[in-house]
Amino acid sequence: MNTVLSLLALLVALAALGLAVQTRRGAGNRSSSADDFGLPEDALGLRHEVAALRAEAAGALKHLAVVRYDAFTDTGGHLSWSLALLDDHGDGAVLTSIHGRNEGRTYAKAVSAWTCEQPLSPEEEQAVSHARGA
């Protein structure tokens, strides 16, 4: 009886091994019909993921520039500044802080396609120009 069970277990193991080898051969030959280079489907999926991440990154505020200056003749130390924060399309904002002897003011202006509806100061224009080149 033990011999019959051992023989049956051996036959089941050989059948499972044959099935595993056959399945592995079939999986190695598969490729996506949409992929002209014959790469596995998972590589094509990674390509799509990278393309989606690149499209998402285009909207990130990654064009940055700061211009520091003295807004008034009676102050020093370049404590006033303009900061451009823009994405790949030139959309974002310019933030400006003007530091005076007795007070400070902060302004924000929206930028679309590298231009602003409101007039920009020379320092703000310089910040946008530097950000565009960055």
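The values are calculated or read from the model by the stated rules, or taken from the named source; none is laboratory data. Everything numeric in this text was worked out from a predicted model, so none of it was measured. As a convention, Cβ positions derive from the backbone with ideal geometry for all residues, glycine included, and neighbour counts pool all protein chains shown.
Would it be correct to say that E117 is crowded, with 16+ Cβ neighbours inside 10 Å and either modelled with pLDDT under 95 or over 12 Å from Y69 (Cα atoms) (or both)? In short, no. Taking segment 70-111 as the range and being farther than 16 Å from S129 by Cα and part of a strand (DSSP E or B) as the test, the residues that pass are S80, S97, I98, H99, G104, R105, T106, Y107, A108. Taking (1) among the small types (G, A, S); (2) in contact with a Phe, Trp or Tyr (Cβ under 9 Å, 6 or more places away or on another chain); (3) closer than 14 Å to V66 by Cα in turn, A84 satisfies each apart from (2).
When we screen L53, L61 for residues that are within 30 Å of G133 (Cα to Cα), part of a helix (DSSP H, G or I) and either at pLDDT below 85 or not aromatic (F, W, Y) (or both), the only hit is L53.
Being among the β-branched types (V, I, T), in contact with a Lys or Arg (Cβ under 9 Å, 6 or more places away or on another chain) and at pLDDT below 95 holds for only one residue in T75, T96, and it is T75.
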